[in-house]
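Input: a single structure, listed below in C-alpha cells.
The values are calculated or read from the model by the stated rules, or taken from the named source; none is laboratory data. Values in this document were obtained by computation on a predicted structure and should not be read as measured data. Here the Cβ positions follow ideal geometry from the backbone for every residue, glycine too, while neighbour counts run over all protein chains shown.
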Amino acid sequence: MSWTPQPHPLHWPVEIDGETRHELTLRPIRHGEHNELIKKDDAAKAKSSTGKGLGDTALFLALAAMATGLEEAALKRLKRPDYNGLQRRVLELVSQDADHFLEALPEGEEDDPDAPRLLEPLTRPDGRTLERIPLEVPDLETTLLMGKIDDRYEAAEFITAKCTGLTVQELAEMTVPDWNTLQGRIDAFLNQAGDFFHDGTSTS
C-alpha cells in the first residue's frame, strides 16, 4: 500500500493546464531521486569557483516538482505565501523520519528501533511485503569495508544494505522518511558504545 501525504491547500487558487487548482496533490519523494538531486548539487559545488551549488531556490523547485508532479514554470505561478507553505511541506517530506508521519501505535504496543515500521511497506522481488525492516548490527569488518568507499553516498547505501539485507535498488524506492529512520539507527550502530543499547539489540 502506497503512502500519500495530505494535499497542500492554496489560499490563492492557480490555473494549471486549463484547470483551477485549489490544492496541490503531493506524493512521497523517493530516496533514489532525492539522492541523485543532492549529488547533482554537490557536483555543481565542486565545479563552481565559489563553491556554490544549484542554489536553495533551484533545489527546492526541483524537490517541489518531484512532490507535486508539476513543471517548475507552473510552480512559479504560485503566490508567494502559498509557495512558502509548499516549501515547508516539501522540506518536511525530506527532513523528517517515518515516525513523524506514522499513526501512533495502540496503547500497550511499543516501537522496536531494531525493526522500525515503514511508512510505506516494501514489496520484495519474491513477493513478500515488509511492514518493518529488521536491522542487523554491523561487525567491525563491514564498517572497515565501508570506510574504504570514498563516495559518502555509496558508503551510506553500502552499510544500509548490509544492515537491512535490502538491495541498493530496493533502498532507492524507499520514501525519504523511511530512509531517514534507518539512518538514525545505523548512525547509532556506528558511533555508540554497547551500553547505549538494550540487551538483545538487533539480530546478531
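Quick notes on this one:
- Test result for Asp112, free of Cβ contacts under 8 Å to residues at least 40 places away in the same chain and part of a loop (DSSP other than H, G, I, E, B): yes
- A single member of Ala172, Ala188, Ala161 is farther than 30 Å from Leu26 by Cα, in contact with a helix residue (DSSP H, G or I) (Cβ under 7 Å, 6 or more places away or on another chain) and not assigned by TED's automatic domain parsing to the domain that holds His31, and it is Ala188.
- Only one of the numbered conditions (1) exposed (fewer than 13 other Cβ atoms within 10 Å of the Cβ); (2) not assigned by TED's automatic domain parsing to the domain that holds Gln183 is not met by Arg124, and that is (2).
- Phe101 meets all of the listed conditions (1) touching a residue at least 24 places away in the same chain (Cβ under 8 Å); (2) surrounded by fewer than 16 Cβ atoms within 10 Å (Cβ to Cβ) but one, namely (2).
- Filtering the stretch 170-192 to residues that are of a type in the set (Phe, Trp, Tyr) and in contact (Cβ under 8 Å) with a residue 60 or more places away in the chain leaves only Trp179.
- Criterion: among the aliphatic types (A, V, I, L, M), closer than 18 Å to Thr129 by Cα and assigned to a helix (DSSP H, G or I) - qualifying residue of Ala188, Ala161, Ala156: Ala161
- Identity of the residue in the stretch 52-84, small (Gly, Ala, Ser) and assigned to a helix (DSSP H, G or I), that ends up nearest to His31 (Cα to Cα): Ala67
- Of all residues in the stretch 17-34, none are assigned to a helix (DSSP H, G or I), of a type in the set (Gly, Ala, Ser), farther than 17 Å from Asp178 by Cα and not assigned by TED's automatic domain parsing to the domain that holds Asn180.
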